[in-house]
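Since the structure comes first, as structure tokens, the remarks are kept for the end.
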Amino acid sequence: MLINIIQFDLKNSTIELEVKTKRAEHGHIARIHKDECPEFWASHPELSSLKELFFSTTDTSRECLGDSFNVQVDLTKNRRLAKHILNQRLYTYFSQRAIVGYDYIDNIEVWVAAKEQPTPKATDYLRFSVVPKEKTVSNGWELLISFNGHSIVYDTPISHLDLVESNFRVIAGGEVVKRKDLTPDQKQNLDYIFPVINKSLSRELQINEHYEKTTNRYVDTIGLIRGFIKEFLQPGDIEDVITITSNELMTVPEQRIDAVPKGSNILMFANGNTSFDPYSGLFGSRGGTGFGPYRPTDKNNVRFFFIAQKSDLQICKDLYNIFMYGSKDGRFDTSKYPAFKPISETIKQTFNTDKNGSIYFDSPDTALQQIKEQLNSKPFNKDTQYVAIYISPVNKDDINNTAHDIYYKVKELLLQKKITSQVIYKDNPNKAAFKFHLPNIATAILAKIGGIPWQLQNRHRTNDLIIGVGAFKSEKIGKRYIGSAFCFDNDGIFKNFDCYKDDDLEHIVQDIRKALGKYIAEDLTADRVIIHYYKTMSRKNSKKITDMLMRLNFNIPLFIVTINKTEASDYVGFDTDNPGLMPISGTYIKLGYNEFLLYNNSRYGNEGKWEYLFPVKVKLAKIFPSGTKEEQVLLMEEVRELLSQIYKFSRMYWKSVKQQNLPITIKYPEMVAEIVPHFEDDYLPEFGRRNLWFL
């Protein structure tokens, strides 16, 4: 197996570094601390009052101020400093050959114009990150080369544009910087500063920033990375510090490759039947009959009604017939044996509609007011679970549409009335591909009314309290929202959700305490608390959780599982024994200390069709303050259990019958955190914390 890493050596272990006494307000600034270079501080008594000096990883003369000094740094003795200095030299090297900047986690990013330019009035760039690493899969220094995707740059300079949007990046003098961080020197050449298209500028300038997904990202990615290495990283010296020893991607040592336990992909359906494929297990293969859902809803009073624009009345009638009688190729089918069975057969729930209870509006401009008025006047039975089938006049992905926010506002109105909903874009039922949407729609509806489409098959059971925390940064308010979700065992069944602004850890700690309280009320004992977190949790934050556990006299270990998506700026392994290059599902690679690359996909052999999903990067930490020295060590058995748990939870996604690469402990909270910032009240109604309305 290959991985997107090449090796290098340090040409000179000791280098001379320019440092200064002050730093600019903005920029990519690194620090050198007093205790890291005691000899230098001893030789400069005038600096005795300063605990740190500064240098820039882009341009020290521009981003650092004050008096200047030269420091001799031994790169072999200070890993932290070495990485900053290597970044500095790599930035200098690439800035002489391409456009450079930093990605969202502050790795050097190199922008290369694409060979094909499909967007008029703009230039398409391919983005690659270059990250110096040490001893990830080898015993020495490495460069991690990642393909980060595309960016579009408008060909008209900002000096010729009267833009409303102000929050965007620009290309200025060969560098990618935030517009708000432009220096006076850079603004001297205003006619050569070009805006990078983001969602807001896409709307304002009417530029489509979306790209068609490729069939196989592995094949495309390895080709692009190899092309980048060939152009920029041939064997030889870089900035008199780095020596590239090989421009071939590294082979992962066999001892670093393993797999989750066999059977981790098995799902349970009705009557104890099992399958590893959600679609065939629930609906059956072509011409066959599936096993049916693991458990239908326990709600016997479920009623459906439509919400739609008056001009879409026929779509409602067609969908009613499909749900009631079944369909073939996405169309209403009157035959005795339709290809897609009626709702009553597929999810074991009668399709009872609220007679004369549907809601219709005149146009998107009047939609919210008319829907609100009709909901307020509509009689509801408190013992009935209502499901609204909302025929949206606007595609959720059409962010340039002025009526785009209606989708979110309607969701909020319905949650306030304790109504769950299924949204269908008005054009979809008339498309040939609608037949592929129907299984997803049926699965999501079953979950929203409290049923269980499929369940995990667990042979080894422990009483784990599992908390998932995902996040989404809202461009609307410029802040990050986090969502949390709870499950009380290894089955992946979630009890409730919530959503908070920014990193509101206090609320999360409160929720963990409440969940543990429910354990006690049910006369159960939690063996472990496991947190699936969307980013690395600091010691300060994890201590708040362990302190709370100790106050409650819970003498149990806390496991922090950081789960990162690897779509950008990260590792990808390639199975060169298979033409598609994607490793078999369940494979994992040990990268560094308690860090792993886990493959969640549906490739279980060499034959078949599957989605080419990238892996997730997982970082594990065990915290057990009251445990013995041996109990505080993360064991390989625990590693396998935790990775298997992530793998299993990736199979509990009920929005689609397709396999996902992220576990629902991260994915579900992220989905909630993406929607809630659009709500008028900026919070989740009580019903919205207990229902899977967001699927």
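The values are calculated or read from the model by the stated rules, or taken from the named source; none is laboratory data. Quick caveat, the model's predicted, so the values are computed rather than measured. Neighbour counts run over all protein chains shown; Cβ positions are idealised from the backbone, glycine included. Calculation scope for accessible area: heavy atoms of the full protein, side chains included, ligands and nucleic acids excluded. Shrake-Rupley method; radii C 1.70, N 1.55, O 1.52, S 1.80 Å.
Scanning segment 247-285 for residues that are over 28 Å from the mean Cα position of the chain (by Cα), among the small types (Gly, Ala, Ser) and surrounded by 13 or more Cβ atoms within 10 Å (Cβ to Cβ), which turns out modelled with the highest pLDDT? For segment 247-285, the residue satisfying everything is Ala270. Exactly one residue out of Ile556, Ile589, Ile560, Ile623 is closer than 25 Å to Ile6 by Cα and not aromatic (Phe, Trp, Tyr): that is Ile589. Tell me, yes or no, whether segment 183-193 has at least one residue that is surrounded by 17 or more Cβ atoms within 10 Å (Cβ to Cβ) and charged (D, E, K, R). The answer is no, given that none of the residues of segment 183-193 is surrounded by 17 or more Cβ atoms within 10 Å (Cβ to Cβ) and charged (D, E, K, R). Residue by residue through segment 20-38, note down the ones that are more than 18 Å from Arg80 (Cα to Cα) and modelled with pLDDT of 90 or more. Answer for segment 20-38, where residues must be more than 18 Å from Arg80 (Cα to Cα) and modelled with pLDDT of 90 or more: Lys20, Thr21, Lys22, Arg23. Scanning segment 517-539 for residues that are more than 22 Å from Lys667 (Cα to Cα) and at pLDDT below 80 gives Gly517, Lys518, Tyr519, Ile520, Ala521, Glu522, Asp523, Leu524, Thr525, Ala526, Arg539. Note on segment 473-489: among residues that are aromatic (Phe, Trp, Tyr) and closer than 25 Å to Pro278 by Cβ, the one that is modelled with the highest pLDDT is Phe486.
Can you spot a residue in segment 568-586 that is of a type outside the set (Ser, Thr, Tyr), in a loop (DSSP other than H, G, I, E, B) and on the phi > 0 side of the Ramachandran plot?
Scanning segment 568-586, I find at least one residue that is of a type outside the set (Ser, Thr, Tyr), in a loop (DSSP other than H, G, I, E, B) and on the phi > 0 side of the Ramachandran plot, so the answer is yes.
Taking residues in segment 160-173 that are under 23 Å from Glu109 (Cβ atoms), and partners anywhere that are open to solvent by less than 80 Å² (accessible area, probe 1.4 Å) and among the aromatic types (Phe, Trp, Tyr), the pairs with Cβ atoms closer than 9 Å and at least 6 places apart or on different chains are Val170/Phe194; Ile171/Trp111; Ile171/Tyr125; Ile171/Phe194; Ala172/Phe194. Can you name the residue in segment 205-249 that is small (Gly, Ala, Ser) and not in a loop (DSSP other than H, G, I, E, B) and is also farthest from Asp397 (Cα to Cα) among such residues? Selected residue: Gly236. Within segment 10-37, restricting attention to residues that are assigned to a strand (DSSP E or B) and open to solvent by 50 Å² or more (accessible area, probe 1.4 Å), the residue that is nearest to Asp106 (Cα to Cα) is Arg31. Of the residues making up segment 413-426, those that are open to solvent by 10 Å² or more (accessible area, probe 1.4 Å) and either farther than 17 Å from Phe361 by Cα or assigned to a strand (DSSP E or B) (or both) are Gln416, Lys417, Lys418, Gln422, Val423, Tyr425. Residues in segment 176-191 include none that are at pLDDT below 95, farther than 17 Å from Thr58 by Cα and under 22 Å from the mean Cα position of the chain (by Cα).
Applying a threshold of 8 Å to beta carbon distances and a minimum spacing of six or more residues, or different chains, the list of pairs starting in segment 184-201 at a residue that is among the acidic types (Asp, Glu) and ending at one that is surrounded by fewer than 19 Cβ atoms within 10 Å (Cβ to Cβ) reads Asp185/Arg62; Asp191/Pro157; Asp191/Ser159; Asp191/His160.
Conditions tested, residue by residue: (1) more than 24 Å from Lys540 (Cα to Cα); (2) open to solvent by less than 40 Å² (accessible area, probe 1.4 Å); (3) among the small types (Gly, Ala, Ser); (4) not in a loop (DSSP other than H, G, I, E, B).
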| position | (1), (2), (3), (4) |
| --- | --- |
| Gly608 | yes, no, yes, no |
| Ser626 | no, no, yes, no |
| Val639 | no, yes, no, yes |
| Leu643 | yes, yes, no, yes |
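Can you pull out the residues in segment 114-141 that are open to solvent by 40 Å² or more (accessible area, probe 1.4 Å) and either free of Cβ contacts under 8 Å to residues at least 24 places away in the same chain or among the aliphatic types (A, V, I, L, M) (or both)?
Answer for segment 114-141, where residues must be open to solvent by 40 Å² or more (accessible area, probe 1.4 Å) and either free of Cβ contacts under 8 Å to residues at least 24 places away in the same chain or among the aliphatic types (A, V, I, L, M) (or both): Lys115, Glu116, Gln117, Pro118, Pro120, Asn139.
What do you reckon, is Gln660 assigned to a loop (DSSP other than H, G, I, E, B) and under 19 Å from Ala471 (Cα atoms)?
So Gln660 fits the description; yes.
Summed over segment 350-404, the residues that are open to solvent by 40 Å² or more (accessible area, probe 1.4 Å), at pLDDT below 90 and among the acidic types (Asp, Glu) give a count of 2.
Inside segment 576-594, can you point out the residues that are open to solvent by 40 Å² or more (accessible area, probe 1.4 Å) and at pLDDT 90 or above? I'd like the intermediate steps shown before the answer.
Taking segment 576-594 as the starting set, the residues that turn out to be open to solvent by 40 Å² or more (accessible area, probe 1.4 Å) are 576-577, 579, 584, 590, 593.
If the condition is that a residue be open to solvent by 40 Å² or more (accessible area, probe 1.4 Å) and at pLDDT 90 or above, then Thr576, Asp577, Pro579, Ile584, Lys590 are the ones that fit.
Conditions tested, residue by residue: (1) surrounded by 19 or more Cβ atoms within 10 Å (Cβ to Cβ); (2) closer than 19 Å to Ile145 by Cβ.
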| residue | (1), (2) |
| --- | --- |
| Leu201 | yes, no |
| Gln206 | no, no |
| Thr215 | no, no |
| Val219 | no, yes |
| Gly223 | no, yes |
| Phe228 | yes, yes |
| Glu231 | no, yes |
| Gly236 | no, yes |
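Out of the residues in segment 153-176 meeting the condition of being of a type in the set (A, V, I, L, M) and open to solvent by 30 Å² or more (accessible area, probe 1.4 Å), tell me which one is nearest to Asp124 (Cα to Cα). The residue in question is Ile158.
Any residue in segment 407-419 that is under 18 Å from Cys316 (Cα atoms) and more than 27 Å from the chain's Cα centre (by Cα)?
No.
A single member of Gln88, Gln7 is open to solvent by 60 Å² or more (accessible area, probe 1.4 Å), within 30 Å of Leu224 (Cβ to Cβ), outside any loop (DSSP other than H, G, I, E, B) and not charged (D, E, K, R), and it is Gln7.
Please go through segment 287-316 and pick out each residue that is open to solvent by less than 20 Å² (accessible area, probe 1.4 Å) and part of a strand (DSSP E or B). Selection gives Val302, Phe304, Phe305, Phe306, Ile307, Ala308. Check whether at least one residue in segment 38-50 is within 34 Å of the chain's Cα centre (by Cα) and either charged (D, E, K, R) or buried (at least 20 other Cβ atoms within 10 Å of the Cβ) (or both), and report yes or no. Within segment 38-50 (the criterion being within 34 Å of the chain's Cα centre (by Cα) and either charged (D, E, K, R) or buried (at least 20 other Cβ atoms within 10 Å of the Cβ) (or both)), the answer is no, since none of the residues qualifies. Of all the criteria given as (1) more than 24 Å from Ile222 (Cβ to Cβ); (2) surrounded by 19 or more Cβ atoms within 10 Å (Cβ to Cβ); (3) in contact with a strand residue (DSSP E or B) (Cβ under 7 Å, 6 or more places away or on another chain), the one not satisfied by Trp111 is (1). For segment 645-665, a residue qualifies if it is touching a residue at least 24 places away in the same chain (Cβ under 8 Å), among the hydroxyl-bearing types (Ser, Thr, Tyr) and under 18 Å from Lys448 (Cβ atoms), and exactly one does: Ser656.
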